[in-house]
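Undergrad: Let me give you the structure first, and then I'll get to my questions.
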Amino acid sequence: MLISQTKIAIPIMQKNEEDILKTAEDYIKKEADILELRIDAITDATSEMIENIVDTIFFPIIATNRTKSEGGDFLGSERERINLLKTCCNLKHVEYIDIELQTDPCLRDYILGKCSDAEVKTIISYHDFEKTPSVDNLLEIVNQEKELGNIAKVVVMPKDLEDTISVLAIMSRCDNTIGISMGELGSYTRLMASKFNSPITFATGGDVTAPGQIDIETMKLMLNMDLMDEGDLLDDI
């Protein structure tokens, strides 16, 4: 049986603990491989609240606390934002912590050190909601990310089909890299992730958290169809 090595993550964007736990249960039933806990979406998030949520969900989690400049909702200071991520370093079910490449270098190095001490893997992310940088610039960004963390992530906005192909070019050249072209034009890049052995792709369980997201049911169906097609080809050889 062929199984995609690309994990499907679903972001949780609910604002309070009760809704987060209900949503997590729903997404687990829908067979997400990993959940992204968007701390920036939580109203008045505290370390104690995050710890209780993660322990109760009892499922692999990406901890993300996204800045306003990169599409997030966190309203506090940068130090407060990083301190909430620090809480996640020692939580058993947090598999990854997402850290923006453009975080202040001192704070970025601080949280990276805490992740290293706790042996928690990191995703170093970059978002551009206006354009797609050139392939050379994207490669430079990914190389910087990979020097810092375990997985590189670039999320960019295409203006034409060529821009979406630039994202595929990055995934074809770089291992341990998540490449996403946003919007309807780039939505297919989320499905192509498995073709390039991307470690994670992102779907939605109902709430759309980024332009061009695909619901998990469609994502799983399309990935399985691709794998079956590959299996048929192998059988014919």
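The values are calculated or read from the model by the stated rules, or taken from the named source; none is laboratory data. Predicted model, so just to flag it, every value in this text is computed and none were measured. Counting neighbours? That spans all protein chains shown, and the Cβs are built from the backbone with ideal geometry, glycine included.
Undergrad: Return the residue satisfying two criteria in turn: it lies in the range 18-77 and is among the aromatic types (F, W, Y) and touching a helix residue (DSSP H, G or I) at 6+ places or on another chain (Cβ under 7 Å), and of such residues it is farthest from S125 (Cα to Cα).
TA: F59
Undergrad: Can you spot a residue in the range 41-49 that is under 22 Å from R190 (Cα atoms) and not small (G, A, S)?
TA: The answer is no, given that none of the residues of the range 41-49 is under 22 Å from R190 (Cα atoms) and not small (G, A, S).
Undergrad: Could you tell me which residue of the range 48-76 is nearest to D128 (Cα to Cα), considering only residues that are among the hydroxyl-bearing types (S, T, Y) and modelled with pLDDT under 95?
TA: To start, the set of residues in the range 48-76 that are among the hydroxyl-bearing types (S, T, Y) comprises 56, 64, 67, 69.
Narrowing further to those that are modelled with pLDDT under 95: 67, 69.
Numbers: T67: 13, S69: 9 Å.
The qualifying residue nearest to D128 (Cα to Cα) is S69.
Undergrad: Here's something else I'd like to know. For residues in the range 66-121 being outside any loop (DSSP other than H, G, I, E, B) and of a type in the set (S, T, N, Q), which is surrounded by the fewest Cβ atoms within 10 Å (Cβ to Cβ)? Even if it seems obvious, please write down each step before you answer.
TA: Initially, the range 66-121 is screened for residues outside any loop (DSSP other than H, G, I, E, B), giving 68-70, 78-88, 94-100, 105-118, 121.
Restricting the remaining residues to those that are of a type in the set (S, T, N, Q) gives 69, 83, 87, 116.
Numbers: S69: 10, N83: 17, T87: 21, S116: 13.
Taking the candidates together, the pick is S69.
Undergrad: Of all residues in the range 89-101, how many are under 18 Å from the mean Cα position of the chain (by Cα) and in contact (Cβ under 8 Å) with a residue 40 or more places away in the chain?
TA: Of the residues in the range 89-101, 6 are under 18 Å from the mean Cα position of the chain (by Cα) and in contact (Cβ under 8 Å) with a residue 40 or more places away in the chain.
Undergrad: Need the failing condition index for T23 against (1) within 26 Å of A193 (Cα to Cα); (2) among the polar types (S, T, N, Q); (3) exposed (fewer than 14 other Cβ atoms within 10 Å of the Cβ); (4) modelled with pLDDT of 95 or more, just the number.
TA: T23 satisfies every listed condition except (3).
Undergrad: Oh, and also: Just one of (1) hydrophobic (A, V, I, L, M, F, W, C); (2) under 17 Å from the mean Cα position of the chain (by Cα); (3) at pLDDT 95 or above trips up A45, so point out which.
TA: Among (1) hydrophobic (A, V, I, L, M, F, W, C); (2) under 17 Å from the mean Cα position of the chain (by Cα); (3) at pLDDT 95 or above, the lone unmet condition for A45 is (2).
Undergrad: Of everything in the range 17-65 that's of a type in the set (G, A, S) and not in a helix (DSSP H, G or I), which residue is nearest to T201 (Cα to Cα)?
TA: The residue in question is A32.
Undergrad: Now for a separate question. Could you list all residues from the range 122-142 that are polar (S, T, N, Q) and surrounded by 15 or more Cβ atoms within 10 Å (Cβ to Cβ)?
TA: Hits for the range 122-142 are T122, S125, T132.
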